[in-house]
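Beneath this line is the structure, given in structure tokens, with notes to follow.
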Amino acid sequence: MADLRSSFLGIKSPNPFWLASAPPTDKEYNVVRAFKAGWGGVVWKTLGEDPPIVNVSSRYGALHSADQRMIGFNNIELITDRPLDVNLREIKQVKRDWPDRAVVVSLMVPCTEQAWKAILPRVEETGADAVELNFGCPHGMSERGMGSAVGQVPEYVGMVAKWCKQHTRMPVIVKLTPNITDVRKPARAAKEGGADAVSLINTINSITSIDLDIMAPTPTVDGKGTHGGYCGPAVKPIAMHMVADIARDPETYGLPISAIGGIANWRDAAEFISLSAGTVQVCTAAMHYGFKIVDDMISGLKNWMDSKGYATIEDFRGKAVPNVTDWQYLNINYKSIARIDQDKCIKCGLCHIACEDTSHQAIAKMKDNGTRRYQVIDGECVGCNLCAHVCPVPECISMVSVDTGRSYLNWTQDPRNPMRKAAE
Amino acid sequence: MTQSAAPDIAAGRLRPDEIAANFEDIKPPLDGKRALIESSRCYFCHDAPCIEACPTSIDIPNFIRMINTGNTLGAAEKILEANILGGMCARVCPTEILCEDKCVRNTSEDKPVNIGMLQRYAVDHLMEQGRHPFTRAAPTNMRVAVVGGGPAGLSCAHRLATLGHNVTIFDARNKLGGLNEYGIATYKTVNNFAQAEVDFVLAIGGISMKTGQMLGRDITLDELRRDFDAVFLGLGLSGVNALGLDGEEQLSGVVDAVSYIADLRQATDKGSLKVGRKVVVIGGGNTAIDIAVQSRKLGAEDVTLVYRRAPENMSATWHEQEFAQINGVKIKHWARPVRLIGQNGAVREVEFERTLLDDRGRLVGTGETFSILCDQVFKAIGQRFVNDPVNGKARESIDLIDGKIAVNEEMKTSLANVWAGGDCVASGTDLTVQGVEDGKVAAHAIDRYLRGAN
Ligand SMILES: Cc1cc2nc3c(=O)[nH]c(=O)nc-3n(C[C@H](O)[C@H](O)[C@H](O)COP(=O)(O)OP(=O)(O)OC[C@H]3O[C@@H](n4cnc5c(N)ncnc54)[C@H](O)[C@@H]3O)c2cc1C
Ligand SMILES: Cc1cc2nc3c(=O)[nH]c(=O)nc-3n(C[C@H](O)[C@H](O)[C@H](O)COP(=O)(O)O)c2cc1C
Ligand code: SF4
Ligand code: SF4
Ligand code: SF4
């Protein structure tokens, strides 16, 4: 049976599944329920200076799939709205009661050394395992010069990380904002500032919908709305790209990563770990379904690891990183084409119309005495994959590789590339 | 082995609240949330097989998608532009042999998208708003007579009016709707939906109606052909087949199912209908199933439906047979009635002979018989076209095939300016939705004829 135990910056947890800093980790009550349900750790909801912030009503927006499930989630909440004291007392209690779980404390205070210097010892006193610097929240706090207002300026990120390393012996994790063009820059700055790890992503600037009756964005607060932070399944691809970018950047290579963004099940978790994440953090999926989803995350990851022969998380951590490359190094001579499994095909015609109307006219629509039949025209198929994605039947269309008889050639080597450097 | 007591046929077998519950909507409508979930199951197939299986070719994926985006009115308009009686069809179509049978969702999961219920959701929504979604083309000043205000006639009249022609509907009955009003099982079309739909259809304008006017009695085809630019016949089937047994006409308690159902449909108090304690139904179609189930719902204790061939030969679908069985109807196959046994002028027993197919595939009796005691016998062995009103005294008579009106693919009869459709034509499948399609096809053919003749 696979061993899911994780050790991240020396912080031990029975599994790599942590709850991200957000409402699920806002107070002792929730965190204890999460630990009872089996979560390996929590990043406590972000603490700030007293007096506590004040929230508005309402606070959340959502994007739903056709079957009414939330695929994207947005919020305009700020950091914790409870007094610092209360939070610290509860953190201390929880860490004492649950010594085997990871308890990391998220922090956001004004961008001055004094502010950070003041709060760090108080957190250290709770016995918490680490601090996570919230440089991510894209709404509200950023207007006050905190959150993503700091996270978007690499020099500030480095500077604050450095202060924190100076004023505490706890490990320092820098939580990055995705609201930036090149996420490698703040990650490099964090590393240079001495941060022990980065976590990403925080939420993405977003407006989820406009209420057409009142002509205002949702969530609506007395007729007005504002941009909020986007998360949930819809942001996973963006988070994966950012994690991969940091994982393969020579300057940050090996920097521990706690991955966040759209993780809802063991498969999402395994994907992020394959991109080198040491732990994964979850917010939206827990807010959607409750803490019980960790059951499937634990058993699913174990079963999958067993099926692959991975005994520990380390056995497959980062294994996909070497296969993430730049476009220019992809093999231009490789060819694959679509194959339809006629026994699985239910004749919905979606592959045909997608290819016919919008792509390469490579799926023929036929009728053999009244029965519909869809057939790939091998010579026309460029292997784009569109049909396989629109097909509603799992594994009905597969992409098979075709032997072209030609060996590996990438764009930098290709004679068709006008910018090609002459062969040495 | 004859029963001694007098036949037990009575009204009010059940309490009024039981009757009311029994005749409620058998398929309660979808609410908004269910409609959203169900509509999300549709894949929006290209060249969708379900469309091909709908006799009126409703653009099913398109209307379902519109429901899913919250454009329910658009969905209803999409349905109604192909099938103006989309509300009734959604209630009465045997979708299990039409659209839903061809849904690709059957292939992988044996559970088609519930097209009928979604169709009802959309059309009901539009009708509840009390608006008519279509407008008439510029007036042509052409006049068309439509005889018969059933599904075929209503559909034809509506499409003709939309195209700018003036239409007069003649019907022998007092209300329009045909079998929608007088035939369809009560629990399929509750709350007087048939009349609401007639009003909805007529709201297009340009259609006048003459009820209580019977072709062959009050008007003749010759007159209509002379006084109107074109004529459409949607006469349905007004004759019923006879068992051909002694006593059929004389014995009390031997009842024609179709007229009994008409009375039931018209009765405000369903409990006022008299029904036997033990009932035998003879037949294998919709009518047989409907009378069997409705007798049960009126309080008959024992209902046996006897059909002379195999289950798969019944024109009632497997779904309807199952529905009858769920409602406590016993179905016996492979037997035909050979004798009605009466006492004191009332039927008390029916004798059946078992049947089989001989080696040439013909239905034959085995000689073995059995009998079923009963208080009431419903005949439901099919209806036929009554030719007399059309051809009786006409100068020029219309061609028939298999006893029904012969038409070409444009629903044109052998007479110069006469079209026909619905149950009364030879191609008929005896479904409401087919009547609607026939009427629509005929309307377009008539329109082309009238514009060409201009
Ligand atoms: C009991 C029963 C249950 C049924 N259940 C279903 C079902 O669940 N689903 C389904 O799809 N189909 C069902 N059907 C079949 C369906 O009702 C018919 O196919 C459909 O009504 C045919 O439409 P139509 O317009 O051709 O004829 P009809 O509906 O029969 O209409 C004919 C009209 O013509 C009028 N008429 C007749 N003769 C004259 C005349 N000489 N002069 C003037 N007017 C005349 C009649 O009064 C009537 O209004 C059922 C039929 C029966 C009998
Ligand atoms: C309602 C809400 C409040 C959040 N508050 C915080 C916060 O206080 N501090 C923080 O670092 N991240 C906060 N986040 C961001 C999450 O920790 C997480 O980074 C993000 O939601 C992406 O993960 P997910 O896709 O699993 O939700 C919040 C998210 C939500 C939905
Ligand atoms: S999309 Fe898939 S199921 Fe649909 S026709 Fe194409 S191969 Fe068949
Ligand atoms: S009219 Fe009848 S057959 Fe056609 S789509 Fe609607 S329910 Fe199905
Ligand atoms: S066949 Fe089924 S899934 Fe496809 S369009 Fe029709 S209803 Fe939708």
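Observations on the model:
- Close pairs (7 angstrom Cβ cut-off, 6 or more residues apart or separate chains): facing chain A (nearest Cβ under 7 Å) and touching a residue at least 40 places away in the same chain (Cβ under 8 Å) in the stretch B:36-51, buried (at least 18 other Cβ atoms within 10 Å of the Cβ) and assigned to a loop (DSSP other than H, G, I, E, B) anywhere: B:Y43/A:C348; B:Y43/B:V104; B:C45/A:C348; B:C45/A:G349; B:C45/B:V104; B:P49/A:K347; B:P49/B:V104
- Filtering B:E77, B:E100 for residues that are within 10 Å of ligand 4 (Cβ to nearest atom), in contact with a Pro (Cβ under 7 Å, 6 or more places away or on another chain) and away from chain A (no Cβ under 13 Å) leaves a single hit, B:E100.
Residues checked against (1) farther than 30 Å from A:L4 by Cα; (2) outside any strand (DSSP E or B); (3) within 16 Å of ligand 5 (Cβ to nearest atom); (4) modelled with pLDDT under 95:
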position	(1), (2), (3), (4)
A:S336	yes, no, no, no
A:K347	yes, yes, yes, no
A:C355	yes, yes, no, no
A:K365	yes, no, yes, no
A:E380	yes, yes, no, no
A:G383	yes, yes, no, no
A:C387	yes, yes, no, no
A:V400	yes, no, no, no
A:P415	yes, yes, no, yes
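Listed here are the residues, each with its yes/no results for (1) in contact with a Phe, Trp or Tyr (Cβ under 9 Å, 6 or more places away or on another chain); (2) part of a loop (DSSP other than H, G, I, E, B); (3) within 14 Å of another protein chain (Cβ to nearest Cβ); (4) open to solvent by 20 Å² or more (accessible area, probe 1.4 Å).
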{"site": "A:S7", "(1), (2), (3), (4)": "no, no, no, yes"}
{"site": "A:N15", "(1), (2), (3), (4)": "yes, yes, no, no"}
{"site": "A:W18", "(1), (2), (3), (4)": "yes, no, no, no"}
{"site": "A:V31", "(1), (2), (3), (4)": "yes, no, no, no"}
{"site": "A:T46", "(1), (2), (3), (4)": "no, no, no, no"}
{"site": "A:V54", "(1), (2), (3), (4)": "no, yes, no, yes"}
{"site": "A:L88", "(1), (2), (3), (4)": "no, no, no, no"}
{"site": "A:K92", "(1), (2), (3), (4)": "no, no, no, yes"}
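- Answer residue from the stretch B:93-125, given it is of a type in the set (S, T, Y) and more than 16 Å from ligand 1 (Cβ to nearest atom) and is modelled with the highest pLDDT among those: B:Y121
- Selection of the stretch B:137-158 for residues being open to solvent by 50 Å² or more (accessible area, probe 1.4 Å) and within 14 Å of B:E81 (Cβ to Cβ) yields an empty set.
- Residues within the stretch B:106-120 that are open to solvent by 50 Å² or more (accessible area, probe 1.4 Å), within 15 Å of ligand 4 (Cβ to nearest atom) and either in a helix (DSSP H, G or I) or over 19 Å from B:W318 (Cα atoms) (or both), tallied: 0
- Qualifying residues in the stretch B:211-265 (those that are of a type in the set (V, I, T) and within 25 Å of the chain's Cα centre (by Cα)) - the one nearest to ligand 2 (Cβ to nearest atom): B:I261
- Wholly enclosed strands (runs of 3 or more DSSP E) of the stretch A:139-246 bearing at least 2 residues within 18 Å of the chain's Cα centre (by Cα), without any contact (Cβ under 8 Å) to a residue 60 or more places away in the chain and crowded, with 24+ Cβ neighbours inside 10 Å: none
- The stretch A:343-365, residues that are open to solvent by 60 Å² or more (accessible area, probe 1.4 Å), away from ligand 3 (no atom under 11 Å from the Cβ) and within 28 Å of B:A53 (Cα to Cα): A:E356, A:D357, A:T358, A:Q361
- Residues in the stretch A:385-403 that are surrounded by fewer than 17 Cβ atoms within 10 Å (Cβ to Cβ), more than 13 Å from chain B (Cβ to nearest Cβ) and of a type outside the set (V, I, T): A:N385, A:H389, A:S398, A:M399, A:S401, A:D403.
- Given (1) in contact with a Leu (Cβ under 7 Å, 6 or more places away or on another chain); (2) modelled with pLDDT of 95 or more, index of the condition B:E353 fails: (1)
- Residue in the stretch A:10-32 that is away from ligand 4 (no atom under 16 Å from the Cβ), at positive phi and not hydrophobic (A, V, I, L, M, F, W, C) present: yes
Residues checked against (1) within 16 Å of ligand 2 (Cβ to nearest atom); (2) more than 30 Å from A:I353 (Cβ to Cβ); (3) open to solvent by 40 Å² or more (accessible area, probe 1.4 Å):
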{"residue": "B:A6", "(1), (2), (3)": "no, yes, yes"}
{"residue": "B:E18", "(1), (2), (3)": "no, yes, yes"}
{"residue": "B:I58", "(1), (2), (3)": "no, no, no"}
{"residue": "B:N71", "(1), (2), (3)": "no, no, yes"}
{"residue": "B:E81", "(1), (2), (3)": "no, no, yes"}
{"residue": "B:L85", "(1), (2), (3)": "no, yes, no"}
{"residue": "B:A90", "(1), (2), (3)": "no, no, no"}
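- Matching entry among A:V104, A:V123 (being under 14 Å from A:T25 (Cβ atoms) and either hydrophobic (A, V, I, L, M, F, W, C) or open to solvent by 10 Å² or more (accessible area, probe 1.4 Å) (or both)): A:V104
- Of all residues in the stretch A:401-415, those that are among the hydroxyl-bearing types (S, T, Y) have Cβ atoms under 6 Å from Cβ atoms of residues that are surrounded by 10 or more Cβ atoms within 10 Å (Cβ to Cβ) and assigned to a loop (DSSP other than H, G, I, E, B), 6 or more apart or on another chain, in A:T404/A:N333; A:Y408/A:N331.
- The residue pairs whose first member lies in the stretch A:344-359 and is within 7 Å of chain B (Cβ to nearest Cβ), whose second member is among the basic types (K, R) and outside any loop (DSSP other than H, G, I, E, B), and whose beta carbons are closer than 6 Å, counting only pairs six or more residues apart or on different chains, are A:K347/A:R372; A:H352/A:K365.
- Here B:C99, B:C103 are screened, and the one residue that is buried (at least 22 other Cβ atoms within 10 Å of the Cβ), under 14 Å from B:L431 (Cβ atoms) and within 26 Å of the chain's Cα centre (by Cα) is B:C99.
- For A:R317: the one exception among (1) without any contact (Cβ under 8 Å) to a residue 40 or more places away in the chain; (2) open to solvent by 70 Å² or more (accessible area, probe 1.4 Å); (3) in a loop (DSSP other than H, G, I, E, B): (1)
- Scanning the stretch A:360-374 for residues that are of a type in the set (D, E, K, R), within 11 Å of another protein chain (Cβ to nearest Cβ) and either farther than 21 Å from A:P394 by Cα or under 34 Å from the mean Cα position of the chain (by Cα) (or both) yields a single hit, A:K367.
- Selection over the stretch B:27-50 of residues that are within 16 Å of ligand 1 (Cβ to nearest atom) and of a type in the set (A, V, I, L, M, F, W, C) gives a count of 0.
- Selected residue [part of a helix (DSSP H, G or I), touching a residue at least 40 places away in the same chain (Cβ under 8 Å) and open to solvent by 20 Å² or more (accessible area, probe 1.4 Å)] from B:A262, B:A242, B:A196: B:A196
- Pairs, first at pLDDT 95 or above in the stretch B:1-27, second among the aromatic types (F, W, Y), C-beta under 6 Å, six or more apart: B:F23/B:Y187
- Test for B:E24: is it within 23 Å of the chain's Cα centre (by Cα), within 14 Å of chain A (Cβ to nearest Cβ) and either more than 16 Å from ligand 1 (Cβ to nearest atom) or part of a helix (DSSP H, G or I) (or both): no
The values are calculated or read from the model by the stated rules, or taken from the named source; none is laboratory data. Since the model is a prediction, treat every value here as computed from it, not as a measurement. Because the Cβ atoms are built from the backbone with ideal geometry, glycine has one as well, and the counts that use them run over all protein chains shown. Ligands, DNA and RNA are excluded from the accessible area calculation, which covers all protein heavy atoms including side chains. Shrake-Rupley method; radii C 1.70, N 1.55, O 1.52, S 1.80 Å.
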